[in-house]
Amino acid sequence: MNITQTVFRVRGMHCASCARSVEVNIGKLSGVQSVSVNLAGESAAISFDADTISQKQIISAINKLGFKAFLPSEKDKNEDETILCKEKQTLFVSLLFSALLFIIAMGPMMGLFSLPEPLSNPKFLTILQLILVIPVIICGFHFYLSGFKSLFRGSPNMDTLIAVGTLAALSYSIYSTVLVYLGDAHAVHGLYFESAAMIIALVKLGKFLEKRATKKTSEAVRKLVSLTPSTAVVLRDGKEIEVKIQEVEVGDIAIVRPGEKIPVDGVIISGATETDESMITGESMPVSKASGDEVIGGCINRTGYIQVKASRIGQDTTLAQIVRTVSEAQASKAPIARLADTVAGYFVPAVITIAFISAIAWFISGKDFAFTLSIFISVLVISCPCALGLATPVAIMVGTGTAAEHGILFRNGAALEHASKVNTVVLDKTGTITTGKPVVTDIISDIAHDALLSLAAACESSSEHLLGEAIVEYAKAKELDIPNADRFEYTVGSGVKAYVDGKVIYVGNKAFVKETGRFEAEAIRLAESGKTSVYVADEEKTLGVIAIADAVKSSAAECIAELSARGIDVYMLTGDNERTARAIAAQVGIKNVISDVKPNGKSEVITKLRADGKTVCMVGDGINDAPALAATDVAITVSSGTDIAAETSDVILMKNDLLDIPRTIQISSAVTRNIRQNLFWAFAYNVIGIPVAAGVLYAFGGPLLNPMIGAAAMSLSSVTVVTNALRLSRMKIK
């Protein structure tokens, strides 16, 4: 099997029932593994076996359902703007003619002005209203095409409700028009042209406001896409030439001047600069870069002239991977959405049934046809599967976009929801709590510290051992003169012996230098602090001790404090011995330490914690921790900023900042809370609105809902849900 996932654009979906239709019908196709439709984003994330079914076949199947499916492209934004512009034009026409109709039909009744008595000239009044309603019907004709197609396919949607309701009003109005021209002047009171027109205009207004608002939910992705420059200057045959970004190849040397965007991922081979990586990692501070350092395509070269050798291009760049990750997350669904999906499958048929039953019940009770028609239309147009369908995806889209702007990538909606439930965080030590790179922390010696460091660095200059590299780097950082050494003798697991200025120098562990007790107390103290002692000696005595440790990240202690303040239990999981582990844990404030755990045993620890009823989030570097990350409820990978393809992770922290762990939980909690609010109001609106439209209040002496008010309320409910979700973009992230 060749399982792949593709996010398709799907236009023409208007409500939760539309989304449900795509999910159910496409999910039945042979080779399709899963389908997740995002109504707000007009997209469908589909996993399928490419050996069984192709993208072209999936697109064809979606199109047969009455929608328009296609693969995303650079033209999408322009097409979206064109569609929105056309909708704005038809909305203007609809509102203009609907307003004229409303004034003519309802103005005299509201005392706004006076017209000749309808019975004195019924034919003129009837034909005038008929002429005014025609442009509105033309502008809203898509409701009828979509609504009745869906009805005939057995999957009615919101458009079906609008189409059936307004067609009933129009049919009765046309019938009354015929009666007027046959001589029945009183039939002029049976005109509902203004109701049909106002319903179409108000629904179009609501959909326009909704679409304009939902555009903002994808703002983060659009910003990321816009980062990619359209051209690049590359060196070819010794000349600088400008080429389209699609023509850049791996190995090309790109020229990037101050203020320009870096065109591709690569390595600086000449020059030094500072780069602005804020849109990629969320880090506002500029990052210093020199020859040999990696740079990320899309970031801004702020200060220096650099030459970059391209290592990743096109869809392989970090920026492209981030856009793909965020887009897939926005197209996915959170488990909390299942209830809305289930309801959506039955919603429209149930509403049509309620509308018929309500109308028949009132007709049997003695009400005239005009009254029962009003009830029928009101029930249809006030019902809103849109709000149900938008409740979850708009919150996920805004939440994942906001998180991405802060360098936090959620891979799917399920992770976004599950992170809010976390009550236990397990942190790997090396590379997560610590930097993963040994550094010199202390020097204890009878001689000058710089002299001792120079001797040790001379001996270790040819060593590839991590501790030796730490000593050499520290000496270079202090700009010490490192003398030449020769006749190196390296003993695996013990140390190195070399001649420096003709004198034998030993650098290694206690046994290797034959230490007899000097610096013993200091070495014990260092060991208790989780540090490793490297002894330096000559033929006569030990000259001193250099302490080396895996440095704790600067944000580690604050991260632990934030998590603890939220009532979350924090564990440190490591393969180190207990003494070293507890020393590191003490520095950052972790009380729960699980040490001496082999890599394959970490997943067993996670499984046990979950068996104890804990909702566990595991944070690791995504390499040795892969089995444990796969076993946890929420897997977070601390990224280097360029490696975002951690398959076992649910969340990727681009900044390598541990404070993003509590931020992840904060964002997740806010999004989940927002989804619950949206679902509550969507359900509450329909639970209250449908009975009112059916005349329940009227039966007990209350008011009767006008169909036009119902249409306005239906549109308002969708806009309210989207507006509530957009509040997430203004969320203050600590």
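The values are calculated or read from the model by the stated rules, or taken from the named source; none is laboratory data. Note that this is a predicted model, so its numbers are computed, not measured. Here Cβ is always computed from backbone atoms with ideal geometry, including for glycine, and neighbour counts include all displayed protein chains. What goes into the accessible areas is simple: the full protein's heavy atoms, side chains included, and nothing from ligands, DNA or RNA. Shrake-Rupley method; radii C 1.70, N 1.55, O 1.52, S 1.80 Å.
The table that follows gives values for the structure above.
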{"read-out": "Separation of the GLU249 and LEU704 label points, Cα + 7 Å toward Cβ, nm", "value": "7.8 nm"}
{"read-out": "Amide H contacts under 5 Å for LEU658, placed H, 5+ residues apart", "value": "SER555"}
{"read-out": "Total charge dipole magnitude, the chain, about the Cα centre, Cβ charges on Lys, Arg, Asp, Glu only, Debye to nearest 20", "value": "3000 debye"}
{"read-out": "DSSP bridge pairs, the chain: antiparallel proportion in percent, nearest 5", "value": "80 percent"}
{"read-out": "Interchain or long-range residues, amide H under 5 Å from VAL426's placed H", "value": "TYR571, CYS617, MET618, VAL619"}
{"read-out": "Helix-only CD estimate at 222 nm, as mean residue ellipticity for the chain, using -39500 (n - 2.57) per DSSP H run (n ≥ 4)", "value": "-15500 deg cm²/dmol"}
{"read-out": "Angle between the chain longest axis and helix 369-382 axis [Cα atoms, degrees, rounded to 10]", "value": "10 degrees"}
{"read-out": "Longest segment of the chain lacking chymotrypsin sites (Phe, Trp or Tyr not before Pro) that sit in a DSSP loop with at most 15 other Cβ atoms within 10 Å", "value": "306-699"}
{"read-out": "Gained length - VAL93 relative to ARG212, 0.36 nm times residue gap less alpha-carbon distance", "value": "41.0 nm"}
{"read-out": "Cα-based shape type of region 143-208, given that a ≥ b ≥ c are square roots of the gyration tensor eigenvalues and the cut on a/c is 1.5", "value": "oblate"}
{"read-out": "Relative contact order (%) - region 580-628, alpha-carbon pairs under 8 angstrom, separation at least six", "value": "35 percent"}
{"read-out": "Point-charge dipole on Cβ atoms (K/R +1, D/E -1) for region 511-605, about Cα centre, debye to 20", "value": "220 debye"}
{"read-out": "Neighbourhood charge, 11 Å Cβ-Cβ cut-off, centred on VAL593 and excluding it, Lys, Arg +1 and Asp, Glu -1", "value": "+1"}
{"read-out": "Potential extension, THR4-PHE70 segment - 0.36 nm per residue separation minus Cα distance", "value": "22.1 nm"}
{"read-out": "Dipole of region 565-697, positive direction: furthest Cα of ILE652, VAL687, SER668, with charges on the beta-carbon", "value": "VAL687"}
{"read-out": "Local net charge near ALA475, Cβ-Cβ under 14 Å (Lys/Arg +1, Asp/Glu -1)", "value": "-4"}
{"read-out": "Region 305-464, dipole about Cα centre (Lys/Arg Cβ +1, Asp/Glu Cβ -1), debye to the nearest 20", "value": "820 debye"}
{"read-out": "0 to 90° range, to nearest 10: angle between helix 602-611 axis and the chain longest Cα axis", "value": "40 degrees"}
{"read-out": "Relative contact order %, region 591-734, counting alpha carbon pairs below 8 Å whose residues are six or more apart", "value": "14 percent"}
{"read-out": "Karplus 3J(HN,Hα) series, Hz, for region 306-315 with 6.51 cos²θ - 1.76 cosθ + 1.60 (x for Gly, Pro)", "value": "9, 10, 10, 8, 5, 10, 9, 10, x, 6"}
{"read-out": "Accessible area of region 565-633 divided out per residue, in Å², using a probe of 1.4 angstrom", "value": "49 Å²"}
{"read-out": "Global form of region 466-508, assessed from the alpha-carbon gyration tensor, a/c cut-off 1.5", "value": "oblate"}
{"read-out": "Accessible surface of the chain, 1.4 Å probe, proportion on carbon and sulfur as whole %", "value": "57 percent"}
{"read-out": "3J(HN,Hα) from dihedral phi, region 472-477, Karplus parametrisation 6.51/-1.76/1.60, rounded to Hz, x for glycine, proline", "value": "5, 4, 5, 5, 5, 5"}
{"read-out": "At R0 = 60 Å, FRET efficiency that the Cβ-Cβ distance of GLU528 and SER291 yields, to 0.05", "value": "0.90"}
{"read-out": "Placed amide H near GLN33: partners under 5 Å, 5+ positions off or other chain", "value": "SER47, PHE48, ASP49"}
{"read-out": "Kirkwood Rh in Å, taken over the chain so that all alpha-carbon pairs contribute", "value": "30.4 Å"}
{"read-out": "Mean Cβ neighbour count within 10 Å, used as a protection proxy, ranking 716-726, 627-637 highest first", "value": "627-637, 716-726"}
{"read-out": "Two-site FRET efficiency, GLU539 against THR435, from Cβ-Cβ distance with R₀ of 45 Å, rounded to 0.05", "value": "0.80"}
{"read-out": "Most positive-pole-ward Cα, ASN63, ALA201, SER17, against dipole of the chain from beta carbon charges", "value": "ALA201"}
{"read-out": "Accessible surface, region 284-385, averaged per residue in Å² (probe 1.4 Å)", "value": "42 Å²"}
{"read-out": "Fully extended contour minus Cα-Cα distance, from LEU697 to THR303, at 0.36 nm per residue", "value": "134.8 nm"}
{"read-out": "Karplus (6.51, -1.76, 1.60) ³J(HN,Hα), θ = phi - 60°, over region 552-565, in Hz, Gly and Pro reported as x", "value": "6, 5, 4, 8, 4, 4, 5, 4, 4, 5, 4, 5, 5, 5"}
{"read-out": "Candidate aspartates and glutamates - alpha carbon under 14 Å from LYS437, same-chain residues fewer than 8 apart omitted", "value": "GLU464, GLU469, GLU473, ASP550, ASP621"}
{"read-out": "Dipole of region 327-482 [Lys/Arg +1, Asp/Glu -1 at C-beta], most positive-end residue of SER461, TYR346, LEU373", "value": "LEU373"}
{"read-out": "Anisotropy class of region 549-620 from Cα gyration tensor, a/c 1.5 cut", "value": "oblate"}
{"read-out": "Efficiency of FRET from Cβ geometry, ARG257 and PHE141, R₀ 45 Å, rounded to 0.05", "value": "0.25"}
